Amino acid sequence: MNTSPILIAGPCSAETEEQVMSTATALARQGITIFRAGIWKPRTRPGCFEGVGIKGFPWLQRVQHELGMEVIVEVGTPHHVEAALKAGVDRVWIGARTSSNPFAVQAVAEALRGTDIPVLVKNPINPDLELWMGAIERFKRQGITRLTAVLRGFSCYEKTIYRNPPLWDIALELRRRLPELPFLCDPSHICGRRDLIPDVCQQALNLGFDGLMIESHCAPDEAWSDAAQQLTPKALAEILASLNIA
Ligand code: PEP
Ligand code: MN
């Protein structure tokens with residue numbers, strides 16, 4: 001395990017310029033250097049908040065220029081890729097619902113061809129190791145070399161304490177097959193509630209994950225998406241300080 005884990009934090013969604021700036025400022029003060037925020041949100045049901053879209057990019061550019069942070073957004077279509085590259089984002093992530101769809105992954109991978117932007121590939125929503133491998137291979141085949149895998153847990157029908165049980169064995173098998181790939185854990189989407197997050201972070205580090213991607217919001221209870229799982233920057237810093245980094 002790397003002694004200083006890679007840390008990515010920020011809100012589920014960019015909501016307003018004030019929310020982005022106040023969250024990012026607080027996270028920067030806690031030493032976070034990579035800021036996440038969804039601009040387009042792949043919601044399970046229509047009618048939920050589906051992201052602010054491109055009007056959020058100037059806010060993320062302020063985060064880059066005024067706070068010196070890198071920014072990362074989710075892309076799910078070639079149109080998203082084009083807009084995100086034009087806006088100068090530093091990295092992109094592929095969400096779980098996109099990783100489950102080879103047509104979508106192929107289209108996004110082709111849109112990224114010729115760039116060397118780092119791409120984080122979340123596991124597909126269903127527990128299918130081959131589908132996750134396939135998504136990573138589609139990016140490799142388009143010449144994308146800076147790839148990272150992210151475990152965000154898997155959907156299941158039974159009720160469990162987790163929103164998306166981690167099924168660590170699947171991630172460890174992917175790691176065994178692709179040992180050169182950096183591997184992050186997203187405890188926020190695994191847990192679905194903030195009280196479970198510290199334990200899952202520690203388990204991930206104990207299992208040798210290279211870092212964490214965690215949702216953080218300046219006013220989590222008022223968040224427009226994933227309110228129950230977001231942490232204030234202060235709570236996040238307390239959790240990070242409590243972790244035993246082997
Ligand atoms: C997110 O990171 O906010 C998100 C939508 O994640 P996932 O694709 O893991 O559900
Ligand atoms: Mn989210």
With the checklist (1) touching a residue at least 60 places away in the same chain (Cβ under 8 Å); (2) assigned to a loop (DSSP other than H, G, I, E, B); (3) more than 16 Å from ligand 1 (Cβ to nearest atom) in hand, flag the one item Gly47 doesn't pass.
(1)
Between Ile144, Ile170, Ile161, which is touching a strand residue (DSSP E or B) at 6+ places or on another chain (Cβ under 6 Å) and over 13 Å from Ala96 (Cα atoms)?
Ile144
In region 219-234, which residue that is open to solvent by 30 Å² or more (accessible area, probe 1.4 Å) and not aliphatic (A, V, I, L, M) is farthest from ligand 1 (Cβ to nearest atom)?
Lys234
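Considering Ile170, Ile190, which residue is more than 23 Å from Ala228 (Cα to Cα) and open to solvent by less than 40 Å² (accessible area, probe 1.4 Å)?
Ile170
Counting just the residues of region 58-106 that are aromatic (Phe, Trp, Tyr) and open to solvent by less than 30 Å² (accessible area, probe 1.4 Å), which one comes out farthest from ligand 1 (Cβ to nearest atom)?
Of all residues in region 58-106, those aromatic (Phe, Trp, Tyr) come to 59, 93, 103.
Pick out the ones that are also open to solvent by less than 30 Å² (accessible area, probe 1.4 Å) and you get 59, 93.
Working: Trp59: 17, Trp93: 7 Å.
Among those residues, the one meeting the criterion is Trp59.
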Residue list for region 14-65, filter: polar (S, T, N, Q) and in contact with an Asp or Glu (Cβ under 8 Å, 6 or more places away or on another chain)
Thr33, Gln64
Being at pLDDT 95 or above, more than 21 Å from Glu70 (Cβ to Cβ) and of a type outside the set (Lys, Arg) is true for just one of Ile245, Ile214, Ile190. Which residue is that?
Ile190
For region 8-65, name all the residues that are polar (S, T, N, Q) and modelled with pLDDT under 95.
Thr44
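The values are calculated or read from the model by the stated rules, or taken from the named source; none is laboratory data. None of the values given here were measured: they were computed from a predicted structure. Note that we place each Cβ from the backbone using ideal geometry, even for glycine, and neighbour counts take in every protein chain shown. Areas reflect the complete protein model, heavy atoms only, side chains present, ligands, DNA and RNA absent. Shrake-Rupley method; radii C 1.70, N 1.55, O 1.52, S 1.80 Å.
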